[in-house]
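Asks: The following block contains the structure, expressed as structure tokens.
Only the coordinates and a few stated rules stand behind these numbers; no lab work does. Quick caveat: nothing in here was measured; it's all calculated off a predicted structure. Methodologically, a virtual Cβ is constructed for each residue, glycine included, from the backbone with ideal geometry; neighbour enumeration extends over all protein chains shown.
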Amino acid sequence: MPMKTKHKAARPRLVAAVLFSCLLCGTAWAETDTVTVQYLPLQEAADLVQSQLSSEGRVAQLPSRRVLVIRDDAAHIRQAKEILKRLDVALPQLTIRVDMVRQSGDSDTQRGMTLSGGWVELKAVTPPQRSDSVQLTAGMQARQQEDVRRFSLRVASGKHGHIEVGEVRTARPEVRHTLEHYGVRKGPDLALEPITAGFDVRATLLDDTHVRLHIRPWFRRMERKSDIQAKTEILLGLGSTSAPSRPPGNSAPMRANINPALSAKKHYIWVADAETEVVVKLGDTVELAAVRDAARAFSQTLLSSGFNRSAQTLRFGIRVDRAR
């Protein structure tokens, strides 16, 4: 009996030793490696790497160096690094030329393919070479020529290019109605607050010859808030030339040193129901017209500073090329 008790007492120690040795064996295969992330957002890269690791694999971020620290077995680490190498590449750079055309009437805008948001794709046009064409450069350019404003952007594939057209004139009733519809509150000071309009254009490369164009209109309102900072100062009476030795009195005059400051905050109102998309070929110019619904209301507001009649429509001529 004593011997049997001794074996029972030794059994838990044996199980603990086996588990400890298994734990050591489980960590023995693990390796640690690092990889530098060049283009992807660090969190996206970490999620991508984690998806390729085993259930025991771990990844840690080092934001200051844009480095991921990976711990797993060699096979899973190699697999994670291979997929990261394929996807962590620079996005293709594109140049986008946008011609914003103010057109009287819409007699020819009914011919074309209907798009979302009240837009119509008129036709694809390859314009002839013109001596006064604007060279595409980084950033944005705008040029006024008759009733055409030209904008040139350089963006990465899938990224929005931002175009601000100008200030909205709120004198016309249809313009005020549109702004109120999109949340700009009605009030006597509406005409005094600067409201601008514009649109974002995004070109996403689909293959070697086609891109998807996405147009997203917006209004922007500047809200100005006064921030008055006051500092109390005590002015001590130090006597006068007639009584220079007179000590300060029990009461002293006080004044507030006020420093008013105006801060402006930008509020973007995205006109979601006037967004639209179209697929075009690289190097071709596509013409879009705002003819109905939200697109027409947006165009009337956008063109409010240049026209007094409501029979105007907005047309875009958009061309996308690969950046050189």
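Asks: Can you give the FRET efficiency for His181 and Val101, using 1/(1 + (r/R0)^6), R0 = 25 Å, r = Cβ-Cβ distance, to the nearest 0.05?
Replies: For His181 and Val101, the calculated efficiency is 0.50.
Asks: Could you check the simple spin-label distance between His160 and Thr114, using points 7 Å along Cα→Cβ, in nm with one decimal?
Replies: Spacing of the two 7 Å Cα→Cβ label points: 2.8 nm.
Asks: In whole Hz, what ³J(HN,Hα) sequence does region 198-211 give by Karplus (6.51, -1.76, 1.60; θ = phi - 60°), x for Gly and Pro?
Replies: Per-residue couplings from phi come out as x, 7, 9, 10, 10, 10, 10, 6, 8, 8, 6, 10, 10, 10 Hz.
Asks: If you don't mind, another one. Obtain the nm distance between the two label points defined at Ala60 and Ile269 by a simple spin-label model: each point lies 7 Å from its Cα along the Cα-to-C-beta direction.
Replies: Going from the Ala60 label point to the Ile269 one covers 4.9 nm.
Asks: For the pair His210 and Glu167, what calculated FRET efficiency results from E = 1/(1 + (r/R0)^6), where r is the Cβ-Cβ distance and R0 = 35 Å, to the nearest 0.05?
Replies: The formula returns an efficiency of 0.45 here.
Asks: List the residues, sorted by chain then number, that are 5 or more residues from Ile195 or on another chain and whose placed amide H is less than 5 Å from its amide H.
Replies: Under 5 Å from the amide H of Ile195: Val168.
Asks: How far apart, in nanometres, would the label points at Val89 and Val279 be if each is projected 7 angstrom from Cα along the Cα-to-Cβ direction?
Replies: Going by the 7 Å Cα→Cβ label model, 2.1 nm.
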